[in-house]
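Derivation of every value follows stated rules applied to the coordinates shown; laboratory data play no part. From a predicted model like this one, the values you see are computed outputs, not experimental measurements. Quick reminder, even Gly has a Cβ in these numbers, built from the backbone with ideal geometry, and neighbours come from all protein chains shown.
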Amino acid sequence: MKLEEIKVCILRIEGTNCEQEAYDAFKALGADPEKVHLKQLIGRSPGELRRELDEYQVLMLPGGFSAGDYVRAGAIFAARMKSHLAADLENFIASGRPVLGICNGFQILVELGVLPSFDEIMSEAPQAALYTNVSGRFECRPSYLKHENHGKCVFTSLLPRGEIVAIPVAHAEGNLRFPSESEEEFLMRLEENDQVVFRYVDPNGDYAGYPWCPNGAIGNIAGICNPEGNVLGMMPHPERAMFRYQHPDWTRSGGKPDAPGDGHVIFRSVLDHVSKRF
């Protein structure tokens, strides 16, 4: 499949606010992204605006504060999707097509039960939660991530394992947690299934606490995938690091300002995967 033929559904509702950056990231690489409101997928829009999830090769849930993040971050968006699109979403994931959730999108994927998704595509109830940051505040800062995946995740297939990338965070609820009685078991299962994709580290690549781990997530985890590797949720924002000039040190690090930034590889990897598989 040619790049320009890859259709990307960037799904939004009221409160989503990172859809334009997500659109621009895929568009810059030659794909065909479209900003789609949830109502367009569930038959609550005029006929000419109706869309079907099956029309797309990639689904992305961007960041923001969907439905005001009332109840829990991402919970309302997830409930609406699950009540109207559960079968379509399960078929989409089962077909191997990639799903990316960034920040609020990660929260939505967890609330949907498609991450960590140990035993089924979509669990009946969430198996994890993204709690309030241990700092008790909204954290908007540069962060360093170490790529931990051994090759399963299609969104990091072009990123060498162990590579350190600088990608910013901007969230108040990014503290990944599991039920207290199952934390050690779930963390072990993530490791055994090669589902840990990114961990927060300091500039030297060492695991560290606050501020390098900005939220207190268990195991310093910044991003996980499903067991099959085609669903990725991550709290940092790679769409905000597509070019060098978006990095805080770009004037000191040399090179061309419009050269690829550290977030570029996430989008390039998934498009490379889709172009070869479909």
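Kindly provide log₁₀ I(q)/I(0) values, in the same order as q = 0.11, 0.15 Å⁻¹, from the Debye equation applied to equal alpha-carbon scatterers of segment 121-278.
Ignoring solvent entirely, the Cα scatterers give -0.44, -0.81.
Per 5 Å bin, what is the whole-percent P(r) computed from every C-alpha pair distance within segment 4-157?
Over segment 4-157, the share of Cα pairs per 5 Å bin runs 2, 8, 16, 22, 23, 16, 9, 3, 1, 0 percent.
Assuming a ≥ b ≥ c are the square roots of the Cα gyration tensor eigenvalues, decide whether segment 3-277 counts as rounded (a/c under 1.5), prolate (otherwise, with a/b larger than b/c) or oblate.
Rounded.
List the cysteines in the chain whose Cβ has no other cysteine Cβ under 4.7 Å from it.
Within the chain, the cysteines lacking a partner Cβ under 4.7 Å are Cys9, Cys18, Cys103, Cys140, Cys213.
Give me the dipole magnitude in Debye, nearest 20, for the chain about the Cα centre, with unit charges on the beta carbon: positive for Lys and Arg, negative for Asp and Glu.
I would put it at about 720 debye.
Let's test the formula: R0 of 25 Å, r as the Cβ-Cβ distance of Glu4 and Glu90. What FRET efficiency results, to the nearest 0.05?
Step by step, r from the Cβ atoms, then E = 0.30.
How large is the helix-only mean residue ellipticity at 222 nm for the chain, computed as the sum of -39500 (n - 2.57) over DSSP H runs with n ≥ 4, divided by its residue count, in deg cm²/dmol to the nearest 500?
When only DSSP H runs of four or more count, the value is -7500 deg cm²/dmol.
Just add up the charged neighbours of Val134: K/R +1, D/E -1, any other residue whose Cβ is under 13 Å from the Cβ of Val134.
The answer is 0.
Name the residue farthest towards the positive end of the dipole of the chain from the options Ile10, Met234, Ile42, assuming +1 on Cβ of Lys and Arg, -1 on Cβ of Asp and Glu, about the Cα centre.
Ile10
Below 8 Å, C-alpha to C-alpha, sequence gap of six or more: please give me the relative contact order for the chain in percent.
Reported relative contact order: 19 percent.
Taking the beta-carbon count within 10 Å as an exposure proxy, list His150, His37, His171 from fewest neighbours to most.
His150, His37, His171
I want the local charge near Asn230. Using Cβ-Cβ distances under 11 Å, sum +1 for each Lys or Arg and -1 for each Asp or Glu among the other residues.
Result for the neighbourhood of Asn230: +2.
Are any of the pairs Lys39/Lys146; Lys27/Lys256; Lys146/Lys256 more than 27 Å apart by Cα-Cα distance, and if so, which?
Table pairs above 27 Å Cα-Cα are Lys39/Lys146.
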